[in-house]
Amino acid sequence: MYLKDFYSGPNDSISISAEQGSLFAKDIANDFNPLHDVESKRFCVPGDLLFALVLDKYGVSKRMHFTFSGMLGNGGSTLNLPETNADQFDVVASNGKTILKVERSGEINKNESVINALSRNYVAFSGHNFPYVLVPLMAKEKVMINIARPFVIYESMTLEFEQMDFTDPQIEMLDPDIEVKGKRANAYFRFQIKSADKVVGKGFKKIVISGVRAYEEEPMQEFVDNYLARKNSYLDSISANKGV
């Protein structure tokens, strides 16, 4: 499984360093959120890494719902992935904090190649949401994040399958939408899952944005430009180190 470089320890009690979490965010998810930088004082492990680890350990159920109820920082906590067949369980850090709530039901697929493909495809889809999807979505609704102190939380995601006997699953984005209520907004990134050109499932990722304000083109574009500059600088350094 491609995740072996992004955690340490046995698969029922694991630790994730800032370096491992940051590497996953940048190299696998293509996510350059400053919260995933090693040196960030507010560092948190990417939610998509936690999602991928759950699939790796428990398989893919016909219906799954993930609620990200806490953030795992760089404080040396370990994560407990319980040995369980329960339909609902929590992933809890060693400090007692619940990080992720998992609900599942129906048939389970534990085929490693299917899990690998679904995990990688979803993580790539998820990491692509900013700025390419979220910013146009906000512009359409004439709102934006507080760029001085952005507060965007990955709240939950849902998977639902029509059948479980599929191979090589691919994620295909559907139309996203956003609900704005005062200074808070909920954005939904919807997708369908295809195998051999047939739709076998669907799902969505939900994020919560606090401190929403009126859209301003120039500062928003500057924020995006800075984000992309950080991304390109990192990718250039990787290429240079590889001698490309």
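The values are calculated or read from the model by the stated rules, or taken from the named source; none is laboratory data. Computed from a prediction, not measured in an experiment: that's the story for all the values here. For neighbour counting, all protein chains shown are included, and Cβ atoms are generated from backbone atoms with ideal geometry for every residue, glycine included.
Data overview
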read-out: Positions within region 182-205 being of a type in the set (A, V, I, L, M) and within 15 Å of residue 118 (Cα to Cα), in sequence order; value: 193, 196, 199, 200
read-out: Verdict on residue 26 being in a helix (DSSP H, G or I), surrounded by fewer than 23 Cβ atoms within 10 Å (Cβ to Cβ) and among the basic types (Lys, Arg); value: yes
read-out: Region 110-133 residues that are closer than 16 Å to residue 66 by Cα, paired with ones that are basic (Lys, Arg) (beta carbon under 9 Å, 6 or more apart); value: 122/205; 126/205
read-out: All positions within region 182-217 that are farther than 19 Å from residue 126 by Cβ, among the charged types (D, E, K, R) and surrounded by 17 or more Cβ atoms within 10 Å (Cβ to Cβ); value: none
read-out: Selection from region 63-87 of residues that are of a type outside the set (A, V, I, L, M) and under 30 Å from residue 164 (Cα atoms); value: 63, 65, 66, 67, 68, 69, 80, 82, 83, 84, 85, 87
read-out: Answer from 162, 179, 172 - the residue that is surrounded by fewer than 17 Cβ atoms within 10 Å (Cβ to Cβ), under 21 Å from residue 51 (Cα atoms) and either in contact with a His (Cβ under 8 Å, 6 or more places away or on another chain) or without any contact (Cβ under 8 Å) to a residue 24 or more places away in the chain (or both); value: 172
read-out: So residue 179, is it assigned to a strand (DSSP E or B), of a type in the set (D, E, K, R) and farther than 18 Å from residue 115 by Cα; value: yes
read-out: Contacts under 9 angstrom Cβ, first residue in region 2-16 being in a helix (DSSP H, G or I), partner of a type in the set (Ser, Thr, Tyr), 6 or more apart; value: 2/119; 3/119
read-out: Restricting region 139-159 to residues that are touching a Phe, Trp or Tyr at 6+ places or on another chain (Cβ under 7 Å) and more than 19 Å from residue 190 (Cα to Cα), the residue that is surrounded by the most Cβ atoms within 10 Å (Cβ to Cβ); value: 144
read-out: Strands (runs of 3 or more DSSP E) (entirely within region 33-115) containing at least 2 residues that are among the polar types (S, T, N, Q) and either surrounded by 20 or more Cβ atoms within 10 Å (Cβ to Cβ) or modelled with pLDDT of 95 or more (or both); value: 60-68, 98-109
